[in-house]
Amino acid sequence: MFVVIGATGTVGREVVSLLHESGAAITAVTRDSSAARMPAGVRLLEGDPSAPPIPEAAWEGVEAVLLSSRAVTGSAAQLLAAGARHGARRVVVVSAATVAHPAGEARFIKEFTTLEEAAEDSGLAWTSLRCADFAANALAWAPQLRAGDVVRGAYGSAATSPIHERDIAAVAVRALTEDGHARRHYVLTGPASLTQYDKVRILGEATGRDLSFAEIEPEQVRAAMAAQGLPEEIPARLLGSLADYARAPGPTTDTVRELLGRPALGFTAWAAEHAASFGHGKALA
């Protein structure tokens, strides 16, 4: 049994899908089971991993655990202790490239190092996936692009190698199901470094539109997010890392190719798959 904690998140949902396709037994843990929409046969349990314990039934027959940083808030050690008591042998944690390649505020990097430390101290065979920014983060631009053809944001020259969530999931499944990945930190990125200008151009190609990125001051972005009712940490995370990536690009690795035997999926592929989320264009023609 594979326990996926944060099963409805960007990565967790893809991991569940891949494990399900392989015929594996899965327990999916999520805060809101009513909106989970899991494949038939997946065992679904409701629980808040940021405020454990989660239901004891989640651990029945557990072999390995996927734990995403976005699903927990300082509770990883408690969750993994429970998994270990019930016989888990492996844990894969979805962490961030900023642990090895610092960018943004130290307090946010600390959250990822704490997650990794919990895995390392758990007694389980651990693997950490230190991911670049998700290609799916571009969905934050969807409201602007459904309303018009311009994305307004800070630090247009900030450059990263965004990774497709399906690649993260494919590596996670390897690490959950195969030997040879224990005590490894994998830095996972997409195949090419892209600025925010590049990403918006690629979204334009995917939707058949002439899109542009208009740079505005960071404080304008911060104020706009505050006006939307977002907590302070959201713009702080975003703007801190973008400021650093505008000074020096984030890492680009070939780890996905080395582990999967194929190139990493590029942002162009991701944009084509998600074009409909950004409004009218080729995807809706």
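Would a scan of region 217-224 turn up a residue that is touching a helix residue (DSSP H, G or I) at 6+ places or on another chain (Cβ under 7 Å) and without any contact (Cβ under 8 Å) to a residue 40 or more places away in the chain? Walk me through it before giving the result.
Filtering region 217-224 down to residues touching a helix residue (DSSP H, G or I) at 6+ places or on another chain (Cβ under 7 Å) leaves 218, 221-222.
Then keep just the ones that are without any contact (Cβ under 8 Å) to a residue 40 or more places away in the chain; that gives 222.
Yes, region 217-224 contains at least one residue that is touching a helix residue (DSSP H, G or I) at 6+ places or on another chain (Cβ under 7 Å) and without any contact (Cβ under 8 Å) to a residue 40 or more places away in the chain.
Consider only pairs whose beta carbons are under 8 Å apart and that are at least six residues apart or on different chains; among these, list those whose first residue lies in region 37-58 and is free of Cβ contacts under 8 Å to residues at least 60 places away in the same chain and whose second residue is hydroxyl-bearing (Ser, Thr, Tyr) and part of a helix (DSSP H, G or I).
PRO39/SER17; LEU44/SER33; LEU45/SER33; GLU46/SER33
Does region 225-242 hold any residues that are surrounded by fewer than 16 Cβ atoms within 10 Å (Cβ to Cβ), part of a helix (DSSP H, G or I) and aliphatic (A, V, I, L, M), and which are they?
If the condition is that a residue be surrounded by fewer than 16 Cβ atoms within 10 Å (Cβ to Cβ), part of a helix (DSSP H, G or I) and aliphatic (A, V, I, L, M), then ALA226, ALA227, ILE234 are the ones that fit.
State all residues of region 8-67 that are touching a strand residue (DSSP E or B) at 6+ places or on another chain (Cβ under 9 Å), assigned to a loop (DSSP other than H, G, I, E, B) and of a type in the set (A, V, I, L, M, F, W, C); if no residue qualifies, say none.
Passing the criteria: ALA24, ALA25, ALA36, MET38, VAL42, ILE54, VAL62.
Among ILE234, ILE168, which is hydrophobic (A, V, I, L, M, F, W, C) and touching a residue at least 60 places away in the same chain (Cβ under 8 Å)?
Answer to the selection: ILE168.
Residues checked against (1) crowded, with 16+ Cβ neighbours inside 10 Å; (2) in a strand (DSSP E or B); (3) at positive phi:
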| residue | (1), (2), (3) |
| --- | --- |
| VAL93 | yes, yes, no |
| LYS110 | no, no, no |
| GLU116 | yes, no, no |
| THR127 | yes, yes, no |
| ARG130 | yes, yes, no |
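For region 172-224, enumerate the residues that are surrounded by fewer than 17 Cβ atoms within 10 Å (Cβ to Cβ), part of a loop (DSSP other than H, G, I, E, B) and small (Gly, Ala, Ser).
GLY180, ALA182, ALA192, GLY208
Cβ contacts < 7 Å: first residue of a type in the set (Gly, Ala, Ser), restricted to region 20-36; second residue part of a loop (DSSP other than H, G, I, E, B) and surrounded by fewer than 22 Cβ atoms within 10 Å (Cβ to Cβ), any location; separation 6+ or different chain. Result?
ALA25/MET1; ALA28/ALA36; ALA28/MET38; ALA28/VAL42; ALA36/THR8
Computed from the coordinates by the stated procedures, all read-outs in this text should not be read as laboratory data. Only a predicted model underlies this, so the values are computations on that prediction, with no experimental measurement involved. Because the Cβ atoms are built from the backbone with ideal geometry, glycine has one as well, and the counts that use them run over all protein chains shown.
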